[in-house]
1. Restricting to DSSP loop positions (anything but H, G, I, E, B) with no more than 16 other Cβ atoms inside 10 Å of their own Cβ, which trypsin sites (Lys or Arg not before Pro) remain in region 23-131?
2. Residue separation times 0.36 nm, minus the C-alpha to C-alpha distance between D21 and E60: what's the value?
3. Placing +1 at every Lys and Arg Cβ and -1 at every Asp and Glu Cβ, with all other atoms neutral, what dipole size does region 57-131 have around its Cα centre, in debye to the nearest 20?
4. What number comes out for accessible area per residue over the chain if the probe is 1.4 Å? Units Å², please.
5. Place the peptides 49-59, 101-111, 116-126, 1-11 in order of packing, highest mean first, counting for every residue the other Cβ atoms within 10 Å and averaging per peptide.
6. Measuring from label point to label point, each 7 Å out along Cα→Cβ, what is the E129 to D53 span in nm?
7. In what order, largest first, do M86, M24 sit by accessible area if the probe radius is 1.4 Å?
8. Karplus couplings for region 57-68 from phi (6.51 cos²θ - 1.76 cosθ + 1.60, θ = phi - 60°), rounded to Hz, Gly and Pro as x?
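The values are calculated or read from the model by the stated rules, or taken from the named source; none is laboratory data. Note that the coordinates shown come from a computational prediction; the quantities given were computed from them, not determined experimentally. Note: ideal-geometry Cβ built from the backbone for every residue, glycine included; neighbour counts use all protein chains shown. Accessible surface areas use protein heavy atoms only, side chains included; no ligands, DNA or RNA. Shrake-Rupley method; radii C 1.70, N 1.55, O 1.52, S 1.80 Å.
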Amino acid sequence: MLKGSCLCGSVQYQIDGELGDIMMCHCQKCRKANGTAYATNAAVNTSEFHFIDDHSSVAEYESTPGVFRVFCQKCGSPLYSRRPQMPDVLRLRIGTLDTPVTTKPVTHIFVGSKAEWEDIHDDLPQYNERP
């Protein structure tokens, strides 16, 4: 079981399962949504993701047709993204996890549109788009 929360603690969640592969996404939308060079995401089964207690602070924004970014409307913490055409999977922003994660990222995706000021300094595979 994994637990996580937003910056202000208004939103808390639990995952009753495992994280999928951890990927670092360098697309422009992830950069803007997270205010960083990339978003670090892992797939999670929707059926294994549960909000704890009140989650009235959760909001979502359709950033691209069919892509919804879910966040805390009080502090702005990005939580996950979802796609109605893929209802069984959420893309969790693993920086919101409170439980320590022992697995490491496996790849960089959308490096074809990464920020011009960013240099990648590891040996992980890099893909211009999603493999």
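1. Passing sites in region 23-131 are K74.
2. Value of the extension gain: 11.7 nm.
3. The dipole magnitude comes to about 340 debye.
4. 58
5. Answer by packing, highest mean first, reads 1-11, 101-111, 49-59, 116-126.
6. Here the modelled spin labels are 4.4 nm apart.
7. Ranked list, largest accessible area first: M86, M24.
8. In residue order, the calculated couplings are 7, 6, 9, 9, 9, 7, 6, 9, x, x, 10, 10 Hz.
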